[in-house]
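Participant: To start, I am sharing the structure in question, which I have written as structure tokens.
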Amino acid sequence: MTKVLMVCLGNICRSPLAEGILQSKTNSEFVFVDSAGTAGFHIGNQPDIRSINVAAKYGIDISQQSCRKFSASDFEVFDYIYVMDKSNYANVIAKAPNTSEEKKVKLLLSEGTSEIQEVPDPYYGGNDGFEKVFQLIDKACDKIAEKINKNGI
Ligand code: 4NP
């Protein structure tokens, strides 16, 4: 089983989308995908309705997800930890038990490229921001799914 964790700040906008999108591109028998937030503002909540709606537009149901906070013990469970922006990166790295575990952590949009790109936080914007975020995450998850599927899962 390959285990992938998607992380953002609130775990209600970006990382729930990343969880649902990567799940839709991989086989749940072999790939476990989860998400978490570095902040605890919304623990137990459903994803933001704007994320639920944009995912539904593309046939993905994320409405059953429940917000949780990232914890240092996630390093014991997950093989890959993808973060949405540099701030998430710093918060997650701060909880790494050692430098070798730090290698698990990558910016989601750096997959398959050397560019440093972030998934912008859409929380304070309108629906168009959620569409943009969906497209950015979708492209990155294509690359991740290809990599995972090629390596025999
Ligand atoms: P997310 O977006 O990190 O993509 O889930 C946010 C959600 C909530 C807040 C900030 C960002 N907030 O400040 O409550």
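Participant: Would you tally the residues in region 6-32 being away from the ligand (no atom under 14 Å from the Cβ) and either in a loop (DSSP other than H, G, I, E, B) or crowded, with 24+ Cβ neighbours inside 10 Å (or both)?
Facilitator: Residues in region 6-32 being away from the ligand (no atom under 14 Å from the Cβ) and either in a loop (DSSP other than H, G, I, E, B) or crowded, with 24+ Cβ neighbours inside 10 Å (or both): 6 in total.
Participant: Please determine, by comparing only the residues of region 45-76 that are among the hydroxyl-bearing types (S, T, Y) and out of contact with any strand residue (DSSP E or B) (no Cβ under 9 Å at 6 or more places or on another chain), which one is farthest from A90 (Cα to Cα).
Facilitator: That would be Y58.
Participant: Can you find a residue in region 69-76 that is farther than 24 Å from I148 by Cβ and assigned to a loop (DSSP other than H, G, I, E, B)?
Facilitator: yes
Participant: Filter region 86-96 down to the residues that are touching a strand residue (DSSP E or B) at 6+ places or on another chain (Cβ under 8 Å) and either more than 14 Å from the ligand (Cβ to nearest atom) or assigned to a strand (DSSP E or B) (or both) and list them by number.
Facilitator: I93, A96
Participant: Return the residues of region 97-124 that are in contact with a Phe, Trp or Tyr (Cβ under 6 Å, 6 or more places away or on another chain) and assigned to a helix (DSSP H, G or I); say none if nothing qualifies.
Facilitator: Answer for region 97-124, where residues must be in contact with a Phe, Trp or Tyr (Cβ under 6 Å, 6 or more places away or on another chain) and assigned to a helix (DSSP H, G or I): E101, L108.
The numbers here are math on the coordinates, done by the rules we state, and not lab data. Bear in mind the structure is a predicted one, so any value in this text is a computation, not a measurement. Note that each Cβ is placed from the backbone with ideal geometry, even for glycine, and that neighbours are counted across all protein chains shown.
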